[in-house]
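Trainee: Before I ask anything, here is the structure I am working with.
Taken together, the values in this text are just the output of simple stated rules run on the coordinates, not laboratory data. Since this is a predicted model, take the numbers as computed values, not measurements. Note: ideal-geometry Cβ built from the backbone for every residue, glycine included; neighbour counts use all protein chains shown.
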Amino acid sequence: MNWKKSFIPLVNPLSKDNPVIVQILGICSALAVTAKMEPAVVMTISVTAVLAFANVIISLMRKTIPSSIRIIVQLVVVAALVVIVDQVLKAYNYEVSKALSVFIGLIITNCIIMGRLEAFALNNRPWPAFLDGIGNGLGYGIILIIVSFFRELLGSGTIFGCQIFPDSFYQAGYMNNGLMILPPMALIVVACIIWVHRSVNKDLQEK
Amino acid sequence: MENLNLFIRSIFIDNMIFAYFLGMCSFLAVSKNVKTAFGLGVAVTFVLLIALPVSWCINEYLLKPGALSWLGKEYAETDISFLGLIMFIAVIAALVQILEMVIEKYTPALYNSLGIFLPLIAVNCAILGAVLFMQQREFSNAWTATVYGAGSGIGWLLAITCLAAIRERLDNSKVPAPLRGVGITFIITGLMGIAFMSFLGIKL
């Protein structure tokens with residue numbers, strides 16, 4: 001089954017080789033933008049787009065880049081793509097662009113992108129590199145969306161800004177957990193995801 | 001006085017790790033023992049200390065809308081702030097390259113102990129993050145930017161050294177198998193973040 005094999009770069013990063021919880025890349029932005037679901041979704045789309053195109057571009061140039069200056073070439077390619085994403089967001093979704101503040105710019109230094117460029121795009125043809133970019137972007141997105149789902153549900157009682165718990169709950173004494181909104185809780189939610197994920201995939205456990 | 005306030009704020013309250021999660025990748029990867037962690041922290045502080053005033057000048061005299069007016073009247077309207085990201089990352093990459101050469105020349109011992117993590121400072125989010133925050137907050141002069149850089153760097157150094165010390169002790173404790181390694185490090189960082197939040201609201 002040849003076509004099945006060609007989709008390995010797309011499927012693997014979703015769980016078994018997830019960039020956030022297995023490769024431990026791109027933690028910074030994964031934690032900082034997850035207090036609400038909407039910025040998390042926008043961030044996922046931005047990272048996936050930048051990653052896929054950067055992978056393709058670097059993969060096309062892989063034979064012409066001298067290895068001594070490859071980091072700088074990669075940074076310039078990624079920075080150019082991020083500038084485009086930043087300008088598009090400012091034009092079409094200014095509110096979210098404000099909420100993400102510097103984190104769009106920080107996609108440049110997102111370790112997932114540098115990591116995938118180094119590990120995959122430099123040694124593979126453009127099409128697998130493109131699939132790898134999409135796969136890793138989505139793998140990153142899954143974690144972002146799970147974390148932001150719990151943080152927004154428990155912290156603000158909403159999903160995408162719509163109220164979930166009826167008012168009668170609040171009258172009966174239910175309170176939103178303000179702690180979930182605070183940054184440190186993102187780390188603990190991710191740790192719980194790692195816990196569940198590694199209990200299922202025993203081969204990933206350390207020692 | 002204001003600068004002192006900013007300095008204390010950027011170390012404890014707006015800590016790069018615990019408040020913004022910047023520089024997490026190397027933070028998690030290099031915090032296995034205190035000595036290397038401390039060395040990396042010093043290097044990051046040093047890069048921040050130089051990168052911030054340099055990029056403040058770039059932002060002020062090249063990038064801001066109307067910043068090019070010193071070139072002549074016809075440039076007074078020019079706005080090239082969209083080039084900011086590329087300029088800043090280029091400055092940081094160049095600085096790290098220079099720092100690497102200087103350290104290799106004058107203190108080979110430190111150079112060897114840092115190894116691969118020295119060039120990786122270029123893609124440490126804490127540095128680009130601090131530069132972008134500096135741009136966003138519109139500091140009024142280069143001195144304020146330097147103070148902010150020093151504060152953020154020392155905050156990062158403090159965080160990574162503390163975590164490395166805890167992780168050294170952790171080797172002797174019983175952790176549930178799925179949490180070993182990364183998982184428990186995340187939880188510890190989260191708890192440390194909650195502890196650092198007790199500094200909120202301190203004013204000088």
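Trainee: Binned at 10 Å from 0, what are the whole-percent values of the Cα-Cα distance distribution for chain A, short to long?
Mentor: Per 10 Å bin, starting at 0, the Cα pair percentages come out as 9, 31, 32, 20, 6, 2, 0.
Trainee: Helix-only estimate, please: 222 nm mean residue ellipticity of the protein assembly as shown, summing -39500 (n - 2.57) across DSSP H runs of length 4 or more and dividing by its residues, to the nearest 500.
Mentor: Per the formula, -20500 deg cm²/dmol.
Trainee: Further question: Take every Cα-Cα distance within chain B, group them into 5 Å bins from 0 onward, and report for each bin the whole-number percent of pairs it holds.
Mentor: For chain B, the binned pair fractions read 1, 7, 14, 17, 17, 15, 12, 8, 5, 2, 1, 1, 0, 0 percent.
Trainee: Pairwise over distinct Cα atoms, reciprocal of the mean inverse distance: report the Kirkwood radius of the protein assembly as shown in Å, one decimal place.
Mentor: Kirkwood radius, the protein assembly as shown: 22.3 Å.
Trainee: For the range B:104-204, which chymotrypsin sites (Phe, Trp or Tyr not before Pro) pass both filters: DSSP loop (anything but H, G, I, E, B) and at most 14 other C-beta atoms within 10 Å?
Mentor: The qualifying sites: there are none.
Trainee: Rounded, prolate or oblate for the range B:108-204? Axes are the square roots of the Cα gyration tensor eigenvalues, ordered a ≥ b ≥ c, and the cut-off for rounded is a/c under 1.5.
Mentor: oblate
Trainee: Specify which residue in the list B:GLY183, B:ILE121, B:TRP143 is farthest towards the positive end of the charge dipole of the range B:110-204, using unit charges on the beta carbon of Lys, Arg (+1) and Asp, Glu (-1), about the Cα centre.
Mentor: Highest projection toward the positive end goes to B:GLY183.
Trainee: Have a look at A:VAL77, A:GLN87, A:LEU10 and report the one farthest towards the positive end of the charge dipole of the range A:1-112, computed about the Cα centre with Cβ charges (Lys/Arg +1, Asp/Glu -1).
Mentor: It is A:LEU10.
Trainee: Can you list the HN-Hα couplings for the range B:24-30, worked out from phi with the Karplus curve (6.51, -1.76, 1.60; θ = phi - 60°), rounded to whole Hz and with x for Gly and Pro?
Mentor: 5, 4, 6, 4, 6, 7, 9
Trainee: Share of Cα-Cα pairs in the range A:1-89 beyond 23 Å, in percent?
Mentor: That tail contains 38 percent of the Cα-Cα pairs.
Trainee: If one takes the longest principal axis of the Cα atoms in chain A, at what angle in degrees, from 0 to 90 and to the nearest 10, does the Cα axis of helix A:37-60 lie?
Mentor: Tilt relative to chain A: about 0 degrees.
Trainee: Rg/Rh for the range A:86-207: what does it come to with C-alpha atoms and Rh from Kirkwood? Each step should come with its number before you reach the end.
Mentor: Values: Rg = 18.7 Å, Rh = 17.7 Å.
Radius of gyration over Kirkwood radius for the range A:86-207 works out to 1.06.
Trainee: Still on this model: Inside 10 Å of the C-beta atoms of B:27-37, what's the mean count of C-beta atoms belonging to other chains?
Mentor: Mean shielding by partner chains, rounded to a whole number: 1.
Trainee: Quick one: order A:PHE120, B:PHE27, A:PHE149 by neighbouring beta-carbon count within 10 Å, fewest to most.
Mentor: The most exposed by this proxy come first: A:PHE149, A:PHE120, B:PHE27.
Trainee: Residue by residue through the range A:104-118, what is 3J(HN,Hα) from phi via Karplus (6.51 cos²θ - 1.76 cosθ + 1.60, θ = phi - 60°)? Round to whole Hz and write x for glycine and proline.
Mentor: 5, x, 6, 4, 3, 9, 5, 5, 4, 5, 4, x, 5, 4, 5
Trainee: Please state, to two decimals, what the Cα-based radius of gyration of the range A:39-121 comes to when divided by 2.2 N^0.38 Å (N = residues). Each step should come with its number before you reach the end.
Mentor: Working: Rg = 13.2 Å, N = 83, 2.2 N^0.38 = 11.8 Å.
Here the answer is 1.12, to two decimals.
Trainee: Here's a follow-up. Using modelled amide H (1.01 Å from N, peptide plane; none on Pro or chain starts), what sits under 5 Å from the amide H of A:ILE159, excluding residues fewer than 5 places away?
Mentor: The list, which skips near neighbours in sequence, is A:ILE164.
Trainee: In debye, nearest 20, what is the charge dipole magnitude of chain A about its Cα centre with +1 on Lys and Arg Cβ and -1 on Asp and Glu Cβ, if you could check? Please report the intermediate quantities before stating the final value.
Mentor: On the way: 15 positive and 10 negative charges, 140 e Å.
I would put it at about 680 debye.
Trainee: Looking at chain B, do any whole DSSP H helices span at least 15 angstrom along their long axis by alpha carbon and average 1.0 or above on Kyte-Doolittle, and which?
Mentor: Working: long enough: B:34-58 (35 Å, 1.97); B:84-106 (33 Å, 1.84); B:125-137 (17 Å, 1.17); B:142-170 (42 Å, 0.90); B:182-196 (21 Å, 2.18).
Helices passing the filter in chain B: B:34-58, B:84-106, B:125-137, B:182-196.
Trainee: So what are the ³J(HN,Hα) numbers for the range A:184-196, from phi and the Karplus equation (6.51, -1.76, 1.60; θ = phi - 60°), rounded to whole Hz, Gly and Pro as x?
Mentor: For the range A:184-196, the Karplus curve yields x, 5, 4, 4, 6, 4, 4, 4, 5, 4, 4, 4, 4 Hz.
Trainee: Continuing with the same structure: Please give the Cα centre distance for the range B:80-148 versus the range B:25-43, rounded to the nearest Å.
Mentor: Rounded to whole Å, the Cα centres lie 17 Å apart.
Trainee: Then there is this: Based only on other Cβ atoms within 10 Å, what is the fewest-to-most ordering of A:THR44, A:THR109?
Mentor: Fewest to most other Cβ atoms nearby, the residues stand as A:THR44, A:THR109.
Trainee: Right, another one. Can you tell me which of B:GLU100, B:GLU168, B:GLU77 moves the most in a GNM of chain B? Springs connect C-alpha atoms under 10 Å apart.
Mentor: B:GLU77
Trainee: How long are the three semi-axes of the equivalent ellipsoid of the range B:62-150, in whole Å, if each is the root of 5 times an eigenvalue of the C-alpha gyration tensor, listed from largest down?
Mentor: One finds semi-axes of 32, 14, 12 Å for the range B:62-150.
Trainee: Now for a different question. At what distance in angstrom do the alpha carbon centres of the range A:183-207 and the range A:59-83 lie from each other?
Mentor: That distance is 33 Å.
Trainee: For a quick check: sort A:PHE150, B:PHE18, A:PHE160 by the number of other beta carbons within 10 angstrom, fewest at the front.
Mentor: A:PHE160, A:PHE150, B:PHE18
Trainee: For chain A, set up a Gaussian network in which alpha carbons nearer than 10 Å are linked by springs, and say which option among A:ALA129, A:ALA119, A:ALA54 fluctuates the most.
Mentor: Checking each option, the largest mean-square fluctuation is seen for A:ALA119.
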